[in-house]
Amino acid sequence: MSERSTQVSDRVAALRSWHDDWSGLRVAVLGLGMTGFSVADTLVELGSRVRVIYGGEDPDRERLLDVIGAERAMLRGDDAQLADLVEFAPELVVVSPGYRPDHPLTSWAEANGVAVWGDIELGWRLRDKTNRVADWICVTGTNGKTTTSQLTAHMLVAGGLRAAPVGNIGVPILDALRDPQGYDALVVELSSFQLHRLGSESASGVSPYASVCLNIADDHLDWHGSFDAYVAAKANVYERTQVACVYNRADERTMRMVEEADVVEGARAVSFGLDSPPSSGFGVVEGLLLDRAYHAERRNEAYELVSVEELSQRGLHAPHMVQNILAAAALARSRGVEPAQIAQAILSFQPDPHRVQRLGAVREVHWVDDSKATNAHAADASLRAFNDVVWVVGGLLKGVDIGSLVAAHASRLRGAVVIGAERVAVLEALRRHAPEVPVIEVSPVQTEDTMTDAVTAALSLAQAGDTVLLSPAAASMDQFTDYADRGRRFQAAVRALGGDALSGGDAGDDDTAAGGASA
């Protein structure tokens, strides 16, 4: 490395505050989703020279880039983008979450000694714009992280703190950090893509106040290359945790992650689960959700939070939802929120649409929208909640074999409707593990009628009292804009059957995209 390159590298590494000198720094931003634009907007405000390189037209954001004074290059194909990157000669590259570790642009940067950061590392370095520097409470897991992040933020607000859920949940962290009022705490939802760049050897220094990995199951193996690499990325959430490492007692991998993490001295391990809680744990006893982690007499006593009956009255009693509630409570309690405030928050919480959303009954059949189930682990949780199911399944499997999922639930399937592009593996799993279950395929060609056809097919397989469950166990980008678009179209098709009274809604984050990928 030349003397100049060393000087540049040292300058970039030393940038650890909003108040440092970012002016004139040549930064390439890869991707123009929500994340990419937030990065560009932030760095332009700091005086850096910013060039955004991306592969798909986005007229609205392109106009905004012109307004703020960022350079932009919309180029299709890695070769054209790489040539532009090389000519720009960046001193720093900030990459949107969906770019794989072996992407040609990031590989070139790393080979040439150019620092490559994600938006989370950049955010950590810029977290001190205001005097009110927020604590970071970091949340990841194969499933449940969005709901848990929202719950945790809701609990913190109930405790009188200024808090918000940010990150992979759909609100870029840099947008929150630039709020002139500042925050007491930010609940940062992190995908495995984002965590990949925050390893224990990273210079980022990200140090969460509290952290959790809710669960681990096969997902995004096509991106990470192996299950071990996926687990290693998720484990990074615990690195340098200051106060509380929250883990799932029913998932031994999360416990091992905590045991192996390099944390701040004094950080506690706090468990959650559906069984009776040990000391320093959250759990359920005789229908009551209990906190034995933050009680001064936790060896012999516990705080009561809410009852399962109260959760049932609000549709929050499914096992996976109870686990999310317990994990969120453990995080919020670590930041000082009182048990009564936790209970208030739980009983006033409304989950987002498309997450096991019960739509009601039409033509004597129950309809459930769980479009957010973008992997097998999520679909397993929702399938367990119902009997006599007509299952709408399929999409982009992300390298995961769903054979064991089909085998586990074959006995509850009344029928299956297969959607999506990667249908061969789905059909084979159904043939092998549920040969008696009738199957209808919907055309893999994307049309306005795709979900209408799926709903019509499901109705033809259902009997009175059955549940039609959209829980695809796959990402949606083959046929839909995102999982929310898939869910909206499902709900519209059900409504067209005559269910005008059905509930509806929207959700804003993507299940897989360069601008905000869920993992």
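The values are calculated or read from the model by the stated rules, or taken from the named source; none is laboratory data. Being a predicted model, the structure only gives us computed values, none of them experimental. Positions of Cβ are backbone-derived with ideal geometry, glycine not excepted, and every protein chain shown enters the neighbour counts. For accessibility, only protein heavy atoms count, side chains too; no ligands or nucleic acids. Shrake-Rupley method; radii C 1.70, N 1.55, O 1.52, S 1.80 Å.
Listed values, structure above:
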read-out: Summed residue charge, Cβ within 13 Å of TYR99's Cβ, Lys/Arg positive, Asp/Glu negative; value: -2
read-out: Tensor-based shape of region 1-95 (alpha-carbon gyration tensor, a/c under 1.5 rounded, otherwise prolate or oblate); value: oblate
read-out: Relative packing of 164-176, 370-382, 276-288, 460-472, which averages over residues the other C-beta atoms within 10 Å, highest first; value: 370-382, 164-176, 460-472, 276-288
read-out: Cβ crowding within 10 Å averaged over residues, with 178-185, 354-361, 486-493, 395-402 ranked highest first; value: 486-493, 395-402, 354-361, 178-185
read-out: With all protein chains modelled, accessible area of HIS320 [1.4 Å, Å²]; value: 50 Å²
read-out: Debye, to nearest 20: dipole size of region 1-73, +1 on Lys, Arg Cβ, -1 on Asp, Glu Cβ; value: 220 debye
read-out: Region 33-69: GluC sites (Glu not before Pro) falling in loop per DSSP and having at most 13 other Cβ within 10 Å; value: GLU57
read-out: Given charges at Cβ of Lys, Arg, Asp, Glu: the chain dipole, positive-most of TRP136, ALA381, VAL157; value: VAL157
read-out: Order by protection proxy (mean Cβ within 10 Å, highest first), peptides 112-122, 138-148; value: 138-148, 112-122
read-out: The chain: relative contact order in percent, alpha carbon pairs under 8 Å with at least 6 residues between; value: 13 percent
read-out: Three-way shape call for region 126-179 based on the alpha-carbon gyration tensor, with the a/c threshold at 1.5; value: oblate
read-out: Spatially near lysine pairs across the chain, Cα under 18 Å, sequence gap of 8 or more or different chains; value: 4
read-out: For region 55-122: relative contact order, % (alpha-carbon pairs under 8 angstrom, 6 or more apart); value: 28 percent
read-out: Tensor-based shape of region 95-164 (alpha-carbon gyration tensor, a/c under 1.5 rounded, otherwise prolate or oblate); value: oblate
